[in-house]
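Notes follow once the structure below has been shown.
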């Protein structure tokens, strides 16, 4: 019997919007790997590969020590746009060519060696749910590419320092009432209607704006 490589996908409990998409994705590699999903980093050990998916907390050092290889998909062309919400920050810079990197997890966030980089194109009309779906689809494609080639994979070190994006909070969804909708459309489309909807203040009142695309 052929020994299969053990792979765990670690999900963050506070950000599970992509779990359904992950479970439905067919890597078609079950003859090579044993896959499992976990939400508790303390229970993960002796894995050949661990993929950290949207982990918002500081990673325990033990998970790197207890597993052979820990990888992080990051949605930017590293070393550019390290840190939080890289896709949102790219869109706020009016970019439609969105880059992705698959890197080795190290103690310093988003600074590990790079295995693969890729990109996809946005039309500029997508709202947050569409953006998330397309972004995670790109993550899964990179992960599949890695798994197909593993263990014959190589990485390259990050040479330049790059910039680091701060975490976005609900207060960052504030709109400027003196600007047009067109000027702020990218701001509107990255805000979550439920968790951090767009808003503005007018005459001492706070107003909430939620955006939806009409279904054809």
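The values are calculated or read from the model by the stated rules, or taken from the named source; none is laboratory data. Since this is a predicted model, take the numbers as computed values, not measurements. Glycine also receives a Cβ, built like all others from the backbone with ideal geometry; neighbour counts cover every protein chain displayed.
A few points about this structure:
- Qualifying strands (runs of 3 or more DSSP E) (wholly inside the stretch 1-114; at least 3 residues being buried (at least 20 other Cβ atoms within 10 Å of the Cβ)): 5-11, 49-53, 70-74, 97-104
- Qualifying residue in the stretch 126-145 (condition: in a loop (DSSP other than H, G, I, E, B) and within 22 Å of residue 192 (Cβ to Cβ)): yes
- Taking the criterion of being within 30 Å of residue 212 (Cβ to Cβ) and crowded, with 18+ Cβ neighbours inside 10 Å, the only residue of the stretch 115-125 that qualifies is 122.
- Every residue from the stretch 141-170 that is closer than 18 Å to residue 78 by Cα and touching a helix residue (DSSP H, G or I) at 6+ places or on another chain (Cβ under 7 Å): 165
- Of the numbered criteria (1) assigned by TED's automatic domain parsing to the domain that holds residue 127; (2) at pLDDT 95 or above, the one residue 200 fails is (1).
- When the stretch 203-216 is filtered for residues that are modelled with pLDDT of 95 or more, farther than 17 Å from residue 178 by Cβ and surrounded by 11 or more Cβ atoms within 10 Å (Cβ to Cβ), the ones remaining, listed by number, are 210, 211.
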